[in-house]
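The values are calculated or read from the model by the stated rules, or taken from the named source; none is laboratory data. Predicted, not measured: the structure shown is a model, and the values here were computed from it. Don't worry about glycine lacking a Cβ; one is built from the backbone with ideal geometry, like all the others, and counts go over all protein chains shown.
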Amino acid sequence: MSQFEGVLQKMITAYQKPIQYYLSLDKHFLHVNQLLGKKIKIEFQKYQCLNCGSNKKIFRQGFCYDCFVETPRAGEWIMKPELSKAHLGQEDRDLAYEKKVQLQPHVVYLANSSSVKVGVTRKSQIPTRWIDQGAHAAIQFIETPNRYLAGIAEVALKKYVADKTNWRTMLKNDNKDEDLMAKVNELKPYLPDEVKAYLLKDEKEFLIDFPVERYPIKLKSLNLSKNPVFEDRLAGIKGQYLIFENDVVFNVRNSEGFYVKISL
């Protein structure tokens, strides 16, 4: 039996057909696609905050509570791009960090995941952002010079289209596909005037194929805090989820900061 241990962080992905997934566990590097069809045992050992490294309960995004409310990597503008202020020279938690992240090209996109949704990401995060969401098709249609402008576009458009993925529907592959280019044309009139100059032209739909042998029917979500030892056969990988044979799904990204031992 092979054993690997380390602190969980979101899986690294490579855009191929299908998507290739990798799990970096401190000194170990696992090619997760190669584990399909094999039995995996996951054992929760302790917490390890991604910021301070302490064994304190993870609050959110891989951080303990103290770090979550202090680190610039968890500022409110990350989840709500419209709150970005670096373009005004105004600091939230760390202006140098905020300028580095916010003052770079950002993309507003539509994606078919559970249904059509609108989202914002840094241009450098394409197609990673779409893969992490479990979207099987996406199209970018606005490219702005900063995060704020992309954020106000998203706020305007989410009155007419969803801005969140229904993870249960996405994992069951019970999707409602829409013509993304037609949806872009439908939404253009609702854009704020200051964003319209950044509309892209002739963008192509981006298609994504996930390595899934069997989609779950009745979802059961694995929570390592409540169930610290789990074992089952891996049946698929989609978004940042591991899908197991007995309909159990494990959100790797939601378990960032958990130090685990994995046995194969």
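Of the helices (runs of 4 or more DSSP H) that lie entirely inside region 38-118, those containing 1 or more residues that are more than 19 Å from the chain's Cα centre (by Cα) span 65-68, 95-102.
Of all residues in region 30-89, those being small (Gly, Ala, Ser) and surrounded by fewer than 17 Cβ atoms within 10 Å (Cβ to Cβ) number 4. Please work out which residue is farthest from the chain's Cα centre (by Cα), limiting yourself to region 13-34 and to residues that are in contact (Cβ under 8 Å) with a residue 24 or more places away in the chain, in a strand (DSSP E or B) and farther than 20 Å from ALA235 by Cβ. Applying the filter and picking the extreme gives HIS28.
Here is a yes/no grid of residues against (1) closer than 25 Å to PHE141 by Cβ; (2) part of a loop (DSSP other than H, G, I, E, B); (3) of a type in the set (Phe, Trp, Tyr); (4) in contact with a helix residue (DSSP H, G or I) (Cβ under 9 Å, 6 or more places away or on another chain):
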{"residue": "GLY151", "(1), (2), (3), (4)": "yes, no, no, yes"}
{"residue": "GLU154", "(1), (2), (3), (4)": "yes, no, no, yes"}
{"residue": "MET181", "(1), (2), (3), (4)": "yes, no, no, no"}
{"residue": "ASN185", "(1), (2), (3), (4)": "yes, no, no, no"}
{"residue": "GLU203", "(1), (2), (3), (4)": "yes, yes, no, yes"}
{"residue": "ALA235", "(1), (2), (3), (4)": "no, no, no, no"}
{"residue": "ASN246", "(1), (2), (3), (4)": "no, yes, no, no"}
{"residue": "ASN254", "(1), (2), (3), (4)": "no, no, no, no"}
{"residue": "VAL260", "(1), (2), (3), (4)": "no, no, no, no"}
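When LYS238, LYS226, LYS172 are checked against the criterion of being of a type in the set (Lys, Arg), outside the structural domain of GLY151 (by TED's automatic domain parsing), closer than 30 Å to LEU35 by Cβ and surrounded by 13 or more Cβ atoms within 10 Å (Cβ to Cβ), LYS238 stands alone in meeting it.
Okay, residues lined up against (1) more than 21 Å from the chain's Cα centre (by Cα); (2) at pLDDT below 95:
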| site | (1), (2) |
| --- | --- |
| LEU219 | no, yes |
| ASN223 | no, no |
| ASN227 | yes, no |
| ASP232 | yes, no |
| LYS238 | no, no |
| ILE243 | no, no |
| VAL248 | no, no |
| VAL252 | no, no |
| LYS261 | yes, no |
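Is it the case that some residue within region 122-129 is under 17 Å from GLU194 (Cβ atoms), of a type in the set (A, V, I, L, M) and in the same structural domain as ASP202 (by TED's automatic domain parsing)? Taking every residue of region 122-129 in turn, none turns out to be under 17 Å from GLU194 (Cβ atoms), of a type in the set (A, V, I, L, M) and in the same structural domain as ASP202 (by TED's automatic domain parsing). Checking the condition under 22 Å from GLU186 (Cβ atoms) and modelled with pLDDT of 95 or more, which residue from ILE78, ILE58, ILE142, ILE131 passes? Checking each option against the conditions leaves just ILE142.
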